[in-house]
Each structure stands twice: as C-alpha cells, then as structure tokens.
C-alpha cells in the first residue's frame, strides 16, 4: 500500500492526525543525540552520535536508563534523567530547527478542517523549548501530549490513545505521523493507521513495523487533501 492509497481509504473516517514531535516536526534529534552521546561517553560507554541515534531514536529518557545501566554494569545516579533533560532543553532552546515544510503541514491540516495533536516521548519542558524556538508555541498550545502524562510512553499505545480521547476521536478515526519504530509500534498497538516519515531512506523498517512510508513533509498536505476529496 502507498501513502496515497492509505489516505484515500481513510476518507470520511479521518477525524484526527497525531504528529510525533522529534524527527517529524522538529529536527531536534541531532542536538539531543549529540548531548546523549557526550553523556554516555563521559560515563564510560564510548558512544558516537550515529550510534546514539541508531540505538535510542524514539525512546524516552526513563526507557534509556535500564539499557545504559545494563551496559555500564552499574546504576546511574538518582536524577540522571532530569540532569540530562536540562542539558538537552538548554541546547534545544537555541539550536532546534523545524523539519522542512512541517509547520506548513500543520496549517494545511487546520485549513482542511482536520484536527491535529502532537504526542511525543519528549517531556513538556523539551517540547516547550523547541516550540518557542520555532515560534509556534501559540499554534500548538493545548494540543501537546508528553510521555509524562501517561502510564507508559511509546512503544505502548497510551500516548496516542490519550490524544484521541482529548479530541473525542476513536482510534479508527486517527492517522499517526511517525518516524521511529517505537512510535509506529505504539500507533499499531493503539489501533491507528500510521504514515511513516522516512526522509533519508526507503522506510523499510517503518513499513515492517506497520507504517506506510512517505518521504517528504511537503507531500502531507496533498495526502490530507486526498482524504477530504475522497470523503466528498
């Protein structure tokens, strides 16, 4: 199935688009992964940025803890996540940039009368820093869901189900836009269709997890419009 075929099939069932944040709306992963790589290297796990990206993309900081502790063979100090988050937030406040055409995609959804929300394994503090940096804090206000709001972050379905409840939508009326395997797995577990954003490859890993890949955010307004036209 192609992304166009998926969205044509959605037609009248599409009420809500749920966007991931990092790697979908904000190109923040290079910043966060650089700081994570520096932190792990300093603690004794030599970690190039590329490996940090491969190992931890889509994971929340609490989910990283057991992985890191198992590799180091010792417990991380209490408050490790908070300290690392503070460093990431400070960097994102000055370095975060938008994924090309992502903000236009949000406006396009609104113009088509399609509700949208954001659901991320980032904390609210991280997302606030990113959205202020991008100048869209007002645009996203009241639409943002963090892993800290639910019992479990991705790959559990809790975040996406919480976003759907907030909009009064059923899972079958939602489409998720994700760029990571944990995020796609969460969408599938929530019973939602998923568009897999794969700007740098064929999206095979996302497709294997259950998503339908697309490759440029500029394609998304036309995909959303297709769903609306097919519903008419």
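Exactly one of these conditions fails for residue 192: (1) closer than 19 Å to residue 25 by Cα; (2) buried (at least 24 other Cβ atoms within 10 Å of the Cβ). Give me its number.
It is condition (1) that residue 192 fails.
Looking for whichever is modelled with pLDDT under 95 and closer than 22 Å to residue 181 by Cα here; the options are 57, 17, 24. Which one fits?
Details: 17 fails: modelled with pLDDT under 95; 24 fails: modelled with pLDDT under 95.
Sole residue among the options that is modelled with pLDDT under 95 and closer than 22 Å to residue 181 by Cα: 57.
Which of the numbered conditions does residue 181 fail, given that it passes all the others? Conditions: (1) surrounded by fewer than 20 Cβ atoms within 10 Å (Cβ to Cβ); (2) within 15 Å of the chain's Cα centre (by Cα); (3) free of Cβ contacts under 8 Å to residues at least 60 places away in the same chain.
(3)
I'm trying to understand the selection: among the residues of region 37-54, which are under 15 Å from residue 121 (Cα atoms) and either in the same structural domain as residue 182 (by TED's automatic domain parsing) or modelled with pLDDT of 90 or more (or both)? It would help to see each step written out before you state the result.
Let us first name the residues in region 37-54 that are under 15 Å from residue 121 (Cα atoms), namely 53.
Across region 37-54, there are no qualifying residues.
Going by the structure shown, is residue 206 in contact with a helix residue (DSSP H, G or I) (Cβ under 8 Å, 6 or more places away or on another chain) and closer than 18 Å to residue 115 by Cβ? Before you say what the answer is, go through the steps one by one.
Details: in contact with a helix residue (DSSP H, G or I) (Cβ under 8 Å, 6 or more places away or on another chain): yes; closer than 18 Å to residue 115 by Cβ: no.
No, not satisfied.
Of the numbered conditions (1) part of a loop (DSSP other than H, G, I, E, B); (2) within 24 Å of residue 190 (Cα to Cα); (3) more than 16 Å from the chain's Cα centre (by Cα), residue 8 satisfies every one except a single condition; which is it?
Residue 8 satisfies every listed condition except (1).
Residue by residue, here is whether (1) surrounded by fewer than 13 Cβ atoms within 10 Å (Cβ to Cβ); (2) free of Cβ contacts under 8 Å to residues at least 60 places away in the same chain holds:
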| position | (1), (2) |
| --- | --- |
| 45 | no, yes |
| 51 | no, yes |
| 70 | yes, yes |
| 78 | yes, yes |
| 81 | no, yes |
| 93 | no, yes |
| 112 | no, no |
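Tell me which helices (runs of 4 or more DSSP H) are completely within region 44-162 and hold 2 or more residues being within 27 Å of residue 206 (Cα to Cα) and touching a strand residue (DSSP E or B) at 6+ places or on another chain (Cβ under 9 Å), or say none if there are none.
Working: elements: 49-56, 61-72, 80-95, 102-111, 124-134, 137-140.
Ranges flagged: 102-111, 124-134.
Residue by residue, here is whether (1) outside the structural domain of residue 57 (by TED's automatic domain parsing); (2) surrounded by fewer than 19 Cβ atoms within 10 Å (Cβ to Cβ); (3) closer than 25 Å to residue 87 by Cα; (4) at pLDDT 95 or above holds:
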position	(1), (2), (3), (4)
104	yes, yes, no, yes
122	yes, no, yes, no
145	yes, no, yes, yes
149	yes, yes, yes, yes
158	yes, no, no, yes
168	yes, yes, no, yes
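So residue 166 fits all but one of (1) in contact (Cβ under 8 Å) with a residue 24 or more places away in the chain; (2) closer than 20 Å to residue 195 by Cα; (3) part of a helix (DSSP H, G or I); what number is the exception?
For residue 166, the exception is condition (2).
Does residue 135 meet the test of being free of Cβ contacts under 8 Å to residues at least 60 places away in the same chain and in the same structural domain as residue 17 (by TED's automatic domain parsing)? Can you show your working first?
On the way: free of Cβ contacts under 8 Å to residues at least 60 places away in the same chain: yes; in the same structural domain as residue 17 (by TED's automatic domain parsing): yes.
Yes; evaluated as a whole, the condition is true for this residue.
The values are calculated or read from the model by the stated rules, or taken from the named source; none is laboratory data. Just so you know, these numbers come straight off a predicted model, no measurement behind them. Methodologically, a virtual Cβ is constructed for each residue, glycine included, from the backbone with ideal geometry; neighbour enumeration extends over all protein chains shown.
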